[in-house]
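Below is one structure, written out as structure tokens; the observations come after it.
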Amino acid sequence: MARKITYQQAINEALDQEMARDPRVIIMGEDNAGGAGAPGEEDAWGGVLGVTKGLFHKYPGRVLDTPISESGYVGAAVGAACNGLRPVAELMFVDFIGVCFDQIYNQAAKFRYMFGGKAETPVVIRAMYGAGFRAAAQHSQCLYNMFTHIPGLKVVVPSNPYDAKGLLIQAIRDNDPVIFLEHKVLYTMEGEVPEESYTVPFGEANVAREGDDVTIVAFGRMVNQALTAAAALQKQGIHCEVIDPRTTSPLDEDTILESVEKTGRLVIVDESTPRCSMASDIAGIVAQKAFGALKAPIEQVTAPHVPVPFSDALEDLYVPSPARIEAAVTRVKEYR
Amino acid sequence: MSAIHKLTMPKWGLSMQEGKVNGWLKEIGESIAVGEEIVEVESEKIAGAVEASVAGVLRRQIASAEDVLPVGGLLGIVADAEVPDADIDAAIADFLANFTPDTGDEEDAGPKPEKIEVGGRKLRYLKRGEGGEPMILIHGFGGDLNNWLFNHEALAADRTVYALDLPGHGESAKDVGDGSLASLAAAVVGFMDAVGLDAAHLVGHSMGGAVSMAVAQAAPARVRSLTLIASAALGDEINGAYIDGFVGANDRRALKPVLSQLFSDAGLVTRQLIDDMLKYKRLEGVDAALRTISDTLFEHGRQATRLAPVAAGLGKPVLVIWGENDQIIPVAHARAAGKDALVEVLTGQGHMVQMEAANEVNRLIARFLG
């Protein structure tokens with residue numbers, strides 16, 4: 001598996017291969033045909049960061065460049081999914097969820113339950129998330145925890161190119177609404193990705209690194225921060241196990257609990273703000289189900305409970321860093 | 001002047017950049033013969049032993065157990081007993097002053113696999129070595145050319161050696177036709193045509209051994225010799241629970257106990273090995289390919305095709321190698337390849353004998369081919 005491509009190319013390839021495989025797959029979103037939509041500018045770019053580049057002309061009529069109305073096209077995507085298509089709607093920035101949240105949490109997420117299992121809503125909502133782009137409070141949030149809270153939604157946070165492709169293909173083939181969140185800082189990350197189509201199942205954590213001393217559970221971009229910290233800690237003789245749940249809903253509790261049973265020490269790294277977060281959720285699960293195995297208090301390395309700052313210096317301090325993760329690991333390791 | 005020989009961290013496979021020292025098998029001051037295993041090391045994919053390429057005395061153990069070294073990093077020193085300590089210390093100081101680990105960024109890090117079109121399907125292969133009578137390494141069911149990680153380079157010391165991914169395997173096309181040995185053998189013959197090989201020494205592991213015999217049956221003139229390692233198609237029995245478990249396993253928990261049956265040391269089934277296998281199994285078309293082959297060849301724990309008479313009647317040299325404790329195909333089948341076959345049973349070894357006892361297997365094949 002020698003070929004390396006970026007996270008962004010992996011997402012493009014997943015969309016491309018699924019559109020080639022299944023004529024029911026369509027794409028809807030702002031600017032995903034490439035800008036103003038005027039002749040000559042079509043497909044010039046392919047979304048704000050070029051993720052859908054090349055698809056507009058390759059699949060005529062199946063890449064719909066929508067008006068700036070999330071409530072309109074997300075609702076249309078949900079309706080189309082109920083009627084037999086498999087739409088992938090792109091929300092650009094997850095921060096814009098507010099204006100179309102009803103379509104997602106009160107409609108798409110509910111249909112299977114309210115119609116006695118007879119309705120399926122195979123829609124995928126793709127969106128960029130996360131800090132690090134100097135884009136300030138309204139374009140930098142990390143909101144996977146909000147979707148995780150809602151039964152009926154599946155929530156995916158890939159941390160690398162291989163997972164991005166396999167999880168997106170799985171998301172498109174899944175018969176339930178899937179929120180697929182792409183960290184914009186990861187778009188340029190390169191990794192080995194098979195040229196062929198493949199799926200990565202939901203609810204199966206990846207053990208990104210094995211170790212016996214401390215378990216680190218991290219999400220999305222934070223997996224890479226955790227791996228950087230773990231490599232540095234290894235040199236100090238502390239062996240971390242880094243677990244990437246890959247999907248927050250469903251959540252692979254077993255892999256987390258098995259690891260904590262082995263290490264007895266847990267650090268959770270979550271780019272979201274700390275209250276009602278994946279960090280607090282996993283801390284709760286482990287405290288309840290693996291209490292006897294714990295040798296130290298659970299540490300949570302998260303953003304502070306404030307909006308993402310506009311100041312570069314403050315934004316850099318806002319995102320959990322490898323240094324903060326190392327410090328947390330050292331605290332739980334040395335706890336007596 | 002007696003030479004000072006530096007033992008360094010080996011590079012097993014393209015992706016290996018560092019390895020961990022698992023432990024020394026020899027003490028400082030012990031005499032060492034060529035080919036003896038000195039130190040066990042482990043990459044993220046596999047564990048193995050570094051063996052001596054020269055005779056001498058183990059004078060230094062630079063790395064300790066659990067140390068992680070970059071590829072090429074200094075493990076220890078072998079030298080004759082009369083070499084002064086001062087010379088050895090100078091050699092170590094010189095090495096450490098000049099050693100820079102390979103960052104892995106360089107594009108020319110050894111030969112890379114290529115793909116070639118054979119009968120409308122792309123087959124991946126890796127070529128090593130030059131000249132001599134060519135050899136082809138053929139992996140088993142669910143395997144790929146990386147199954148020869150510890151053999152390929154050694155066997156290519158004095159000949160051209162190709163390792164290929166059979167259809168349905170590795171990075172080759174996933175169309176396996178009817179899944180019969182004849183169709184897999186046709187792909188191998190097609191591969192030989194495509195790379196311009198009139199005849200080759202065939203080395204097959206497990207199902208790859210059966211494929212080798214099927215090539216010999218279909219095109220005997222293309223085969224110079226057969227080396228059958230834990231080969232299929234020499235008897236009736238095969239571990240049906242393993243086959244079904246392997247085909248059916250969809251996650252790490254299901255796959256680990258299945259893969260453990262392949263090795264005599266279950267500790268070799270690392271997370272990376274399991275992850276790599278899952279990545280392969282999740283490729284589009286692999287599940288169908290494996291089911292087609294297993295239904296055709298290994299249904300209900302029985303082998304559908306018996307090719308022992310082909311090996312026995314070929315009139316070419318045949319070497320059979322087996323691990324004594326093979327849990328997949330019984331070692332009793334080793335005697336079925338005819339009275340002229342050279343049979344080597346390795347004590348304590350399992351099904352993946354070419355990986356676990358690579359040095360021994362490499363020596364047996366080299367000696368067999370003269």
Next on the checklist: For region A:234-254, which positions are out of contact with any Gly (no Cβ under 8 Å at 6 or more places or on another chain), buried (at least 24 other Cβ atoms within 10 Å of the Cβ) and within 13 Å of another protein chain (Cβ to nearest Cβ)?
Outcome noted: A:Ile243, A:Asp244, A:Arg246
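Yes or no, residue by residue, for (1) in a helix (DSSP H, G or I); (2) in contact (Cβ under 8 Å) with a residue 24 or more places away in the chain; (3) under 30 Å from A:Tyr162 (Cα atoms); (4) in the same structural domain as A:Ala131 (by TED's automatic domain parsing):
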residue	(1), (2), (3), (4)
A:Glu241	no, yes, yes, no
A:Ala279	yes, no, yes, no
A:Val286	yes, yes, yes, no
A:Pro297	no, yes, no, no
A:Pro304	no, yes, no, no
A:Phe310	no, yes, no, no
A:Asp316	yes, no, yes, no
A:Pro320	no, yes, yes, no
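Every residue, every condition in (1) at pLDDT 90 or above; (2) within 14 Å of chain B (Cβ to nearest Cβ), yes or no:
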{"position": "A:Ala14", "(1), (2)": "yes, yes"}
{"position": "A:Arg21", "(1), (2)": "yes, yes"}
{"position": "A:Ile26", "(1), (2)": "yes, no"}
{"position": "A:Ala36", "(1), (2)": "no, no"}
{"position": "A:Gly40", "(1), (2)": "no, no"}
{"position": "A:Lys53", "(1), (2)": "no, no"}
{"position": "A:Pro60", "(1), (2)": "yes, no"}
{"position": "A:Gly75", "(1), (2)": "yes, no"}
Checklist entry - So which of B:Val258, B:Val361, B:Val310, B:Val343 ends up being open to solvent by less than 10 Å² (accessible area, probe 1.4 Å) and β-branched (Val, Ile, Thr)? => result B:Val361
Checklist outcome for this item: Scanning region B:211-238 for residues that are open to solvent by less than 10 Å² (accessible area, probe 1.4 Å) and part of a loop (DSSP other than H, G, I, E, B), the one farthest from B:Asp165 (Cα to Cα) turns out to be B:Gly235
Checklist entry - Mind checking whether some residue in region A:273-287 is more than 22 Å from the chain's Cα centre (by Cα) and loosely packed, with under 15 Cβ neighbours inside 10 Å? => result yes
Item to check | Qualifying residues in region A:298-316 (those that are more than 16 Å from A:Asp270 (Cβ to Cβ) and of a type in the set (A, V, I, L, M, F, W, C)) - the one farthest from the chain's Cα centre (by Cα) | outcome: A:Ala313
Item to check | Residue check for A:Phe96: in the same structural domain as A:Ile172 (by TED's automatic domain parsing) and touching a strand residue (DSSP E or B) at 6+ places or on another chain (Cβ under 7 Å) | outcome: no
Checklist entry - Checking B:His351 against (1) within 14 Å of chain A (Cβ to nearest Cβ); (2) within 14 Å of B:Gly142 (Cβ to Cβ), which test does it fail? => result (1)
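Here are B:Ser53, B:Ser15: which of them is at pLDDT below 80 and farther than 26 Å from B:Pro113 by Cα?
Only one candidate qualifies: B:Ser53.
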Item to check | Residues that are under 28 Å from B:Phe263 (Cβ atoms) and free of Cβ contacts under 8 Å to residues at least 40 places away in the same chain, drawn from region B:185-215 | outcome: B:Ala185, B:Val215
Item to check | Which numbered condition B:Gly208 misses (of (1) under 25 Å from B:Ala366 (Cβ atoms); (2) open to solvent by 10 Å² or more (accessible area, probe 1.4 Å)) | outcome: (2)
Checklist entry - Which residue pairs have Cβ atoms closer than 6 Å, lie 6 or more positions apart in sequence or on different chains, and pair a first residue in region B:59-84 that is within 14 Å of chain A (Cβ to nearest Cβ) with a second residue that is open to solvent by less than 10 Å² (accessible area, probe 1.4 Å) and outside any strand (DSSP E or B)? => result B:Leu69/B:Met9; B:Leu69/B:Ala63
Checklist entry - Of all the helices (runs of 4 or more DSSP H) wholly in region B:247-334, which have at least 2 residues that are away from chain A (no Cβ under 14 Å)? => result B:252-260, B:286-297, B:308-313
Checklist outcome for this item: The strands (runs of 3 or more DSSP E) lying wholly within region A:171-216 that contain at least 2 residues that are away from chain B (no Cβ under 11 Å) and not small (Gly, Ala, Ser) are A:178-183
Checklist entry - Do we find a residue being in contact (Cβ under 8 Å) with a residue 40 or more places away in the chain and either in the same structural domain as A:Leu143 (by TED's automatic domain parsing) or touching a Cys at 6+ places or on another chain (Cβ under 7 Å) (or both) anywhere in region A:256-272? => result yes
Item to check | Index of the failed condition, A:Ala231 passing every other in (1) within 13 Å of chain B (Cβ to nearest Cβ); (2) under 25 Å from A:Gln170 (Cβ atoms) | outcome: (2)
Checklist entry - When the residues of region B:329-340 are filtered to those that are open to solvent by 10 Å² or more (accessible area, probe 1.4 Å) and in contact with a helix residue (DSSP H, G or I) (Cβ under 6 Å, 6 or more places away or on another chain), which remaining residue is modelled with the highest pLDDT? => result B:Ala336
Checklist entry - Hey, does region B:110-120 have a residue that's closer than 24 Å to B:Ala199 by Cβ, modelled with pLDDT of 95 or more and of a type in the set (Gly, Ala, Ser)? => result no
Next on the checklist: Of everything in region B:262-298, what is surrounded by 19 or more Cβ atoms within 10 Å (Cβ to Cβ), touching a helix residue (DSSP H, G or I) at 6+ places or on another chain (Cβ under 9 Å) and small (Gly, Ala, Ser)? Give them in sequence order.
Outcome noted: B:Ser264, B:Ser294
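Could you tell me whether A:Val157 is within 14 Å of another protein chain (Cβ to nearest Cβ), surrounded by 24 or more Cβ atoms within 10 Å (Cβ to Cβ) and either on the phi < 0 side of the Ramachandran plot or touching a Gly at 6+ places or on another chain (Cβ under 9 Å) (or both)? Walk me through how you get there before you give the answer.
On the way: within 14 Å of another protein chain (Cβ to nearest Cβ): no; surrounded by 24 or more Cβ atoms within 10 Å (Cβ to Cβ): yes; either on the phi < 0 side of the Ramachandran plot or touching a Gly at 6+ places or on another chain (Cβ under 9 Å) (or both): yes.
Considered against the rule, which asks whether it is within 14 Å of another protein chain (Cβ to nearest Cβ), surrounded by 24 or more Cβ atoms within 10 Å (Cβ to Cβ) and either on the phi < 0 side of the Ramachandran plot or touching a Gly at 6+ places or on another chain (Cβ under 9 Å) (or both), A:Val157 comes out as no.
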Checklist entry - Restricted to region A:53-69, and to residues that are free of Cβ contacts under 8 Å to residues at least 40 places away in the same chain, farther than 15 Å from A:Arg24 by Cβ and not in a loop (DSSP other than H, G, I, E, B), which residue is most open to solvent (accessible area, probe 1.4 Å)? => result A:His57
Item to check | Residues (in a loop (DSSP other than H, G, I, E, B) and surrounded by 15 or more Cβ atoms within 10 Å (Cβ to Cβ)) located in region A:120-135 | outcome: A:Glu120, A:Thr121, A:Pro122, A:Val123, A:Gly130, A:Ala131, A:Gly132, A:Phe133, A:Ala135
Checklist entry - Among (1) open to solvent by 20 Å² or more (accessible area, probe 1.4 Å); (2) touching a residue at least 40 places away in the same chain (Cβ under 8 Å); (3) touching an Asp or Glu at 6+ places or on another chain (Cβ under 7 Å), where does B:Gly350 come up short? => result (1)
Checklist outcome for this item: The condition of being small (Gly, Ala, Ser) and either more than 24 Å from B:Tyr242 (Cα to Cα) or modelled with pLDDT of 95 or more (or both) holds, among B:Ala304, B:Ala357, B:Ala311, only for B:Ala311
Next on the checklist: Looking only at region A:293-333, how many residues end up being more than 26 Å from A:His139 (Cβ to Cβ) and among the small types (Gly, Ala, Ser)?
Outcome noted: 4
Checklist entry - If you check B:Ile321, B:Ile329, B:Ile365, B:Ile274, which single one turns out to be within 30 Å of A:Asp163 (Cβ to Cβ) and either β-branched (Val, Ile, Thr) or not assigned by TED's automatic domain parsing to the domain that holds B:Ala154 (or both)? => result B:Ile274
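The values are calculated or read from the model by the stated rules, or taken from the named source; none is laboratory data. Since we're looking at a predicted model, the values are computed, not measured. Please note: Cβ atoms are built from the backbone with ideal geometry, for glycine as well, and neighbour counts cover all protein chains shown. Accessible surface is based on the protein model in full, side chains and every heavy atom, while ligands, DNA and RNA are left aside. Shrake-Rupley method; radii C 1.70, N 1.55, O 1.52, S 1.80 Å.
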